[in-house]
Each structure stands twice: as C-alpha cells, then as structure tokens.
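The values are calculated or read from the model by the stated rules, or taken from the named source; none is laboratory data. All values derive from a computational prediction rather than experimental measurement. With ligands, DNA and RNA removed, areas are computed over all heavy atoms of the protein, side chains included. Shrake-Rupley method; radii C 1.70, N 1.55, O 1.52, S 1.80 Å.
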Amino acid sequence: MRRRIFTILVLSGALVSPALAHPAVGPIYSFGAGLAHPFTGADHTLAMFAVGLWGVLAGGRAIWLWPLAFVATMLVGFATATMGLHIPFFDPAISTSVIVLGLCVALAIAAPIWVAAAMVGLFAFFHGFAHGIEASTANTIPYVAGFALATSLIHSAGIGLGILAEALIGKIALRVMGAFTVLSGVFLIAS
C-alpha cells in the first residue's frame, strides 16, 4: 500500500509538464502576482521543492534553516536587481540550482548544515535576482510579500511530501524524487 501511494504521488508529478521558465503574467506589482510567480516557472518550483526534500533528508535544524536561508538570500537577490545592479549568468545559475539541489537529494549528500545553507543561499540569490528584474518599479512590497510567501509554501510542500514519503516508504523515496528533479532540470536546460 505504501508503495502504491508513493507511486501515485511520483507519477502525478511526472505527468505535469514543466512550465516555461517565466511566461508573461501581466503587471508584476501586486501581492497576487508575487504569490503566483514562483509557480509559473518549473525551475523555481523544482529548486524550492528540492530544498525542502533535502532538509528532510538531513533532519534537525536543516528542515527550517535551509528554507529560511533560501528566502532571506532570495530577498537580497531581489533587492540587488531592483537597485539596477547587473549580475551575469543568473539564468544558467537558476537552471544549475535545479540539478545541483536535485543531486543533493538523490545522492543524499550529508553536507555540514552551514555549508549547505550557504549553497542554498547562493542559488536563492539568483532566483531572487530573476524575480527582481521582472518586477515593476511600482510598489514592489506586495509583490515581494507574495513571492516570499509562495516560496515558503513550496518549501513547506517539499518538507511535507518528504516527511510523508519517508514515513511511508523510507529515505529512498526522497532520493527518487531528487532523481526526478535532476531529470526535470536537465529537460529544462535542453528545451
């Protein structure tokens, strides 16, 4: 029964086609637009979800510290973009984050908590930078609040599904989800 539930969860995720990275979503300055934005790009969603899964694999403080590091440095990246600073290669860094974070889950990398938090934060900076260059210069505070909340929700979904899958099947379930994240990242880069 546990394997059937896990199989259904995995297949339901595999049947959802990846979204294009950043489709146009109209004016980007409202709370709703910010809330929706992380869900409009598979690259953002997969990376944030992987952070939650990896936190479950690591256990302890990693479950809350790594998502917190992601949100905090994502906001720094956003601020950097809105100040007009230019950061080259942010799109490849975002794509790479999906593969690297997926590999950390798939291979059950046991990194020291602060090293992993720094790595997660580095990738989050680029995700935040992408959000920032897409934002309107109009009132960005509601937008920022929306995408920070959405990011936290995606981390929570990764944590929740990770805990459920681990309880039903074991750590191998998380590692399989990490492998699917890697494959999805490769697909995103190739397409």
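Here are a few things to note about the model shown:
- Whole-Hz Karplus values for segment 53-58 come out as 4, 5, x, 5, 4, 6 Hz, taken residue by residue from phi with 6.51 cos²θ - 1.76 cosθ + 1.60 and θ = phi - 60°; glycine and proline positions read x.
- Using a probe of 1.4 Å, the accessible surface attributed to residue 57 totals some 30 Å² when neighbouring protein chains are kept in position.
- Remark: the residue 118-residue 190 segment gains 23.2 nm on full extension, using 0.36 nm per residue and subtracting the alpha carbon distance.
- Computed over segment 63-185, the alpha-carbon pair-distance distribution with 10 angstrom bins reads 13, 41, 33, 11, 2, each value a whole percent.
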